[in-house]
Amino acid sequence: TKDMNADIEKVVFSEEELKKRIAELGKEITEDYKDVKETIYCVGILKGAVVFYTDLVRNINLPVHFDFMIASSYGNGTESSGSVKILKDLDYDVEGKHLIIIEDIIDSGTTMNYLMKYFRERKPKSVKLCSLLSKPSRRTVDVNIDYCGYTVPDEFLVGYGLDYAEKYRNLPYIGVLKPEIYE
Ligand code: PRP
Ligand code: MN
Ligand code: MG
């Protein structure tokens, strides 16, 4: 069957729940940045962040510029490979600007730890991280999350941008994948 819902054991965050939480995050960011003068760049980390990104930016009531990076460390498995590949760099020179990095999940922290060093080398005026999900039980390197949607337990989540072998990103909710799908 092609019904992706049939591969989901349980729904963790419904569409409605996500909508509510993302509106809160957008409001918080709007409040925090309302007085800054320099350009604000919302940097989405593709591909996982794409769905969260588009919903979050529409809840930030300030002029922001879009930029994206493509970073990948997982390949097709369920465990991070440990090495981060940048497949697409920033388009803009962000020196002296404000960066809001938008990510779907911080798991081991490998990807964001690497990217944060990379961003800081570009000398932005500020850099903050907004991640929809955080899985602290899996952390191997420290990552400071300025805006976090939810802290989640160690379950394999898919949907709303999160994939298993590139599948399930377009599910409108976040759920736990049935173990028989990836075992
Ligand atoms: C996933 C996820 C985060 C990263 C988190 O990306 O979107 O970017 O892994 O894991 P970590 O904290 O252990 O580094 P992935 O490499 O699967 O690429 P994708 O976004 O294209 O799915
Ligand atoms: Mn990713
Ligand atoms: Mg992935």
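The rows are residues; the columns are (1) outside any loop (DSSP other than H, G, I, E, B); (2) of a type in the set (Gly, Ala, Ser); (3) in contact with a helix residue (DSSP H, G or I) (Cβ under 6 Å, 6 or more places away or on another chain).
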| position | (1), (2), (3) |
| --- | --- |
| 137 | yes, yes, no |
| 142 | no, no, no |
| 153 | no, no, no |
| 158 | yes, no, no |
| 172 | no, no, yes |
| 175 | yes, yes, no |
Mind counting the residues in the range 108-137 that are among the charged types (D, E, K, R) and touching a strand residue (DSSP E or B) at 6+ places or on another chain (Cβ under 9 Å)?
5
Does residue 82 qualify as being more than 13 Å from ligand 1 (Cβ to nearest atom) and loosely packed, with under 13 Cβ neighbours inside 10 Å?
no
Only unsatisfied item for residue 105, checking (1) farther than 27 Å from residue 23 by Cβ; (2) in contact with a strand residue (DSSP E or B) (Cβ under 7 Å, 6 or more places away or on another chain); (3) within 11 Å of ligand 1 (Cβ to nearest atom), is (1)
Answer yes if at least one residue in the range 89-104 is closer than 26 Å to residue 183 by Cβ and not hydrophobic (A, V, I, L, M, F, W, C), and no otherwise.
yes
From the option list 27, 37, 47, single residue qualifying as surrounded by 18 or more Cβ atoms within 10 Å (Cβ to Cβ) and basic (Lys, Arg) is 47
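Could you check, for the range 53-72, whether at least one of its residues is under 17 Å from residue 156 (Cα atoms), within 13 Å of the chain's Cα centre (by Cα) and charged (D, E, K, R)? Explain how you work it out, then say what you get.
Initial filter on the range 53-72 (under 17 Å from residue 156 (Cα atoms)): none.
Within the range 53-72 (the criterion being under 17 Å from residue 156 (Cα atoms), within 13 Å of the chain's Cα centre (by Cα) and charged (D, E, K, R)), the answer is no, since none of the residues qualifies.
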Test for residue 74: is it more than 21 Å from residue 32 (Cα to Cα), at pLDDT below 95 and among the aromatic types (Phe, Trp, Tyr)
yes
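The values are calculated or read from the model by the stated rules, or taken from the named source; none is laboratory data. Everything numeric here is computed off the predicted structure, so don't read it as measured data. Neighbour counts are summed over all protein chains in view; Cβ atoms, including those assigned to glycine, are modelled from backbone coordinates with ideal geometry.
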